[in-house]
Amino acid sequence: MISELPIETERFNLIVANAVSSVFQTMLSRHIELDTTSSHDANGAPVRHIPITESGQQLVVGNIGFVGKLTGMVYLYMTYPFAINIASEMLGMDPHEVEEDEMVNDVIGELSNMIVGHFKNQLDEHGYGCRLTIPSILRGSNFEVEPVRSASRQVYYFSTPDDQHLIFDLLMQPGD
């Protein structure tokens with residue numbers, strides 16, 4: 001569990017923030033930053049819901065697991081319009097040209113792979129070697145992933161200057 005790691009909370013949060021911001025800067029030339037004010041409730045507990053969509057708006061969620069000294073899943077939530085915007089930027093196309101859901105899925109899967117790969121590499125540097133699973137994409141609206149009881153959960157909220165949002169939902173437990 002995160003609370004049992006020898007990586008202090010502040011450093012762990014920096015690992016997550018660095019993974020997301022580095023990939024956004026490198027691949028999209030976009031600034032995105034961790035919103036430290038909204039990731040915990042008044043008691044300091046992680047917020048357990050994904051409040052980035054209005055009722056009925058579709059979400060695109062990149063999902064990648066990792067297995068090793070730490071085992072878990074990362075879900076990267078974003079709205080469908082933000083996913084189209086990311087896909088168009090990465091493919092060098094106008095947003096209206098990105099018509100196929102398969103194109104969006106491929107780009108968000110690759111973006112998720114890069115972000116979680118960066119996160120994994122930083123865990124490796126701290127002695128928590130692990131391997132990644134193949135990315136998958138979830139789509140829908142008004143849904144939430146429920147963690148198993150043995151997993152620790154941290155939810156990180158990121159925002160861009162143009163008010164787009166990404167959520168890094170991390171479920172993790174000690175592995176082998």
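Summary of computed values
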item: Residue ranges of strands (runs of 3 or more DSSP E) in the stretch 61-147 with at least 2 members under 15 Å from residue 24 (Cα atoms); result: 70-79
item: Every pair of residues 6+ apart whose Cβ atoms lie under 7 Å, when the first sits in the stretch 1-12 and is at negative phi and surrounded by 16 or more Cβ atoms within 10 Å (Cβ to Cβ) while the second is of a type in the set (S, T, N, Q) and modelled with pLDDT under 55; result: none
item: Of all residues in the stretch 106-123 being of a type in the set (Gly, Ala, Ser) and touching a residue at least 24 places away in the same chain (Cβ under 8 Å), the one that is nearest to residue 21 (Cα to Cα); result: 112
item: Residue match in the stretch 135-151 (condition: out of contact with any Cys (no Cβ under 8 Å at 6 or more places or on another chain), at positive phi and surrounded by fewer than 20 Cβ atoms within 10 Å (Cβ to Cβ)); result: yes
item: Number of the condition not met by residue 17 [criteria: (1) modelled with pLDDT under 95; (2) under 19 Å from residue 164 (Cα atoms)]; result: (1)
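The values are calculated or read from the model by the stated rules, or taken from the named source; none is laboratory data. Because the structure is a prediction, the values reported are computed rather than measured. Neighbour counts run over all protein chains shown; Cβ positions are idealised from the backbone, glycine included.
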